[in-house]
Amino acid sequence: MKVSARPGDPPGDVLTLRGTKVPASLGGGIRLSWAHDADPDAWFKVFLNQIEEAVTQDHEYVIYPDLAEQSFFEVLAVGSGNRFANYLHLLEEIDGNKVLLTWDGSTSADTDFYRIYNDAKSGTIDYGTVIATVAHLGAVAHSWKSDALSDGTWKWAVRAVDDAANVETNVTTVTVVIDTYPLAPTDLEYTFDDGTDKVTLTWTASPSADIDKYNIFSNGGAGFIDYTTAIASVNSPTVTWESGAIVAAGTYNYGVRAEDASGKEEFNTDVTVTIKIKDTPIEEIPDLPNAPVGLTATPVAGGKIQLDWLYDTTDQEVVPLLFSVYYDNNTGTMDYVTPLDTVLYSTGTVNGRFLAFTFTTGVLGDGLDYEFGIRSESAAGNEEENEVTVTETADLTAPNPPTALAGAETY
């Protein structure tokens, strides 16, 4: 997949165009998103492989290419009065992985169809194997496009067949060189060394046969990855790279792209990893679950207090394993070292887009105030550190009985 942003006419450039795969569970496709540096009333023309797919004023669009083939996306910013104009002349030239043959039809009146042949990159046309047939349309222009082809030099030929199945035997051929963008590497992972403060990236090699090197890109700790300038390259077949020591806090994003022997670099934007670093000292911030929300405390019979809270799964980095319940034990100072108890994430019940949880303490001191907090913890043992608390008074004392009870007959 190649993603490109191009200047339009005249509202300014489309910036930071990104393409990310949408999970199949959410409908699939590729979500394109972009920023724009000028006219807030600009329109955007979205192209897939130089074919216009949409005109929109939104800054994102979901498109559905054939994921088994190379895809090239472009977005142009245009003025409102030009949103239906033809802008193909502004699109980048791209090298595909298919062959388009064109020819003028036979002038023979009894021509029925045409047979397509190729050499399968052997150098000699195989006239015994018909690749495809194309109906005769008359003495006019004809065309045919192949399926995706592997890189290399291909020879092609076209012969006419008449109504009686006679095949003419011209030996005219055309040669086409297929030199596509390489396929992207996969399975990018990272490790961070707390001793050296260095990041090590590893990935699975591109399946393309002619990979020369892998280019490493970064955002420098903030913003989007800068794919205009590689920070490093490693020669194939090496599939690992180590950074220099990280010296500042930030959210570091890294991407890896494959480049072939002819200097063509593929254009993926989804083979990436994110590493969060804090300073003093420099160390990795682990992925954390979201903090609980909506914490409430309610006194219940017997000197106990019931805690209720919600968990929002939206944009979570990792699913919690459990929740730790902390309290101050009526000291006025929260103890976030030793939890009063834990509640498993698996016990939650669905409440709209949230999961709902509840916990009831044991018997507490009558009439005493207690402060409570809840924190989420991942399966790796990493706990988020929210400081939201609630305070409630334990009530162990039953109310006084009613007095002066009397009864009388009434209507």
* Structure fact -> So, relative contact order of the chain in percent, Cα under 8 Å, 6 or more apart, is 10 percent
* If you put +1 on each Lys and Arg Cβ and -1 on each Asp and Glu Cβ, how big is the dipole of the chain around its Cα centre, in Debye rounded to 20? -> 940 debye
* Rg [Å, one decimal], Dmax [Å, integer] - segment 100-178, C-alpha atoms -> 12.6, 38
* Asked: Using a simple charge model, +1 on the beta-carbon of Lys and Arg, -1 on the beta-carbon of Asp and Glu, nothing else, what dipole does segment 264-411 show about its Cα centre, in debye to the nearest 20?
  -> 440 debye
* Asked: Check residue 288: other-chain or 5+ apart residues with amide H under 5 Å from its amide H, H built from backbone geometry?
  -> 317, 318
* Asked: Which listed residue (158, 186, 205) has the Cα farthest towards the positive end of the charge dipole for the chain, taking +1 on Lys and Arg C-beta and -1 on Asp and Glu C-beta about the Cα centre?
  -> 158
* Structure fact -> Beyond 18 Å, the calculated P(r) of segment 293-393 holds a percent of Cα-Cα pairs equal to 45 percent
* **Range of Cα positions in segment 155-304 per principal axis (Å), largest first** => 100, 48, 23
* Structure fact -> Computed on Cα atoms, the radius of gyration and Dmax of the chain in angstrom are 33.2, 121
* Asked: Can you tell which of 388, 376, 27 lies farthest toward the positive end of the dipole of the chain, using +1 and -1 charges on the Cβ of basic and acidic side chains (Lys, Arg; Asp, Glu)?
  -> 27
* For segment 286-361, which chymotrypsin sites (Phe, Trp or Tyr not before Pro) are in a loop by DSSP, counting at most 16 other Cβ atoms within 10 Å? -> 336
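Coordinate-derived values only; no laboratory data. This is a predicted model, so every value here is computed, not measured. In this analysis, Cβ positions are derived from the backbone assuming ideal geometry, glycine residues included, and neighbour counts consider all displayed protein chains.
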